[in-house]
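This report refers to the structure that appears directly beneath it.
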Amino acid sequence: MKTWTSCILALGVAFGAANASVAADSITIGGIGPLTGPSANSGLAMKRSWEYVVGKVNAEGGLMIDGEKKTIELIFEDDQSKPEVGLSAAQKLLTRDNVDVLLAGLFNSSVTLAIMELAPEYEDKVFYSGQSVSTAIANRIQNEPEEFRHFWKFGYNSNALGTTVVGTLVDLAAAGSIPADKKTVAFVVEDTDYSKSNIIAMEPGLVADGWSIVATETVPIGYADFYPQISKLKELKPDVIVSIFTAANSGVALVRQMDEQQVGGAHMAVYYPSLMEFRDGAGALAEGVLYTPLLIDAEGKPEHKAFAAEMEANGMSASLDYGLGVCNAQVMMDALTRAASVDADKLSAALAATDFQCAVGRWVFDPVNHSPRIGKDYFILPAAQIQGGIARIVWPPAPGVASYQAR
């Protein structure tokens, strides 16, 4: 099994930019992500992570492909978080640029789902996603294995987040740490496949534990006026509010307006508190926020401290986006090294055999749905709470894990 440490040693410590010109001695990887718009911070972090990892590979002379050393050229296109824009960008990269590998959606699941439609037409290309979480992607691969035999989903599926949210709420309620008199939950979420798939993953576990969902308030991505939704929540008085946003500004607006309107109950957030933009924008109101996932715990896990130091030394942060971005690139570099080819069959075979330990977890792909395996033998998405300005893991319970502090 490859490790983060061995990868760093193999790639070297020099940092360089990806080769900017197309040449016979290079291979091209085309990436599509939100470089502008409400999810731009995450898209740009993913882009920067890929440039960082590929820069080190190129500084060492590149990879041995088809018997000769080749450097890697990266070409990025902006999808603006819009599926139709992402689809057009994918067509451009596949035809005009003739990329060898397509990063088929660095962030938004809706964009990845749109680009999937192209995979059966380009059987000689490997499609590889970034953070896209929606289980619909994995289901499509599983249900149509021949059409999507070269499509690989790097991001964990929605059921991983669903398991964490349900487990955290059930355990904290049982311990009396959060209110659960009525066992009612209200969702406030953005209108994305990411949110929809997460709710679908959470509902069965909540219902099985006796919880009922009293409201699902859906708003556009980047939405920032929650007063109508808050009025409804104050009337319903749910025990728990679960919010799901990929745009930091939505999270900032929600916590500010909930505080201003004195909304009661517990609040569990998904994804956006992991963004420094949320922490900076929310200020003191970020204190006590319960959320998932926390994948980089530089304060609590010694093994993450070296990664954090390296990121910060190179103008990045030890955040979820950079952690996943670096790992996303490293897993592909590892597969290319083992395949020694960009041939779709050979590269897919290498991805199928992946067993790679990076900063945020161990990546092993399920052969049926081409998604990473989740669990104690691989990795579990933890829940965290911001305590004293520092995100601390509070679930699952384990020695050294912090206790949840009621707000």
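Only the coordinates and a few stated rules stand behind these numbers; no lab work does. Predicted, not measured: the structure shown is a model, and the values here were computed from it. Cβ atoms come from the backbone with ideal geometry, glycine included; neighbour counts cover every protein chain shown.
In terms of other Cβ atoms within 10 Å, ILE32, ILE213, ILE230 run from fewest to most in the order ILE213, ILE230, ILE32. Largest GNM mean-square fluctuation among GLN257, GLN80, GLN131, using the chain with Cα springs under 10 Å: GLN257. Cross-link partners of LYS183 among lysines, defined as those whose alpha carbon lies under 29 angstrom from its own and excluding same-chain residues fewer than eight positions apart: LYS196, LYS232, LYS234, LYS237, LYS376. Counting only DSSP beta bridges with both residues in the chain, the antiparallel share comes to about 25 percent.
Between 0 and 90 degrees, the angle of helix 302-313 with respect to the longest Cα principal axis of the chain falls at about 70 degrees. Just to confirm the number: angle between the C-alpha axis of helix 158-174 and the first principal axis of the chain, 0 to 90 degrees, nearest 10? Approximately 30 degrees, to the nearest 10.
Compute a Gaussian network model of the chain, connecting alpha carbons closer than 10 Å, and tell me which residue from ASP239, ASP79, ASP181 fluctuates the most. Evaluated over the chain, the most mobile residue of the options is ASP181. Averaged over residues, the count of other Cβ atoms within 10 Å places the peptides 381-389, 109-117 in the sequence 109-117, 381-389, highest first. Report, in degrees rounded to the nearest 10, the 0 to 90 angle that the Cα long axis of helix 193-208 makes with the longest principal axis of the chain. The angle comes out at about 50 degrees. Running a GNM on the chain with Cα contacts under 10 Å, which residue among ARG96, ARG392, ARG279 ends up with the highest mean-square fluctuation? Fluctuation is largest for ARG96. Using C-alpha pairs under 8 Å with a sequence gap of at least 6, the mean separation divided by the residue count of segment 260-407 gives a relative contact order of 23 percent. Over segment 188-236, the reciprocal of the mean inverse Cα-Cα separation, the Kirkwood hydrodynamic radius, stands at 12.0 Å. Semi-axis lengths, largest first, of the ellipsoid equivalent to the chain are 37, 22, 19 Å, with √(5λ) applied to each eigenvalue of the Cα gyration tensor.
Taken along its principal axes, the alpha carbon cloud of segment 216-271 reaches lengths of 25, 19, 19 Å, longest axis first. Residues of segment 106-128 with amide nitrogen under 19 Å from the 7 Å Cα-to-Cβ point of ASN143? 109-121, by backbone N distance to the label point.
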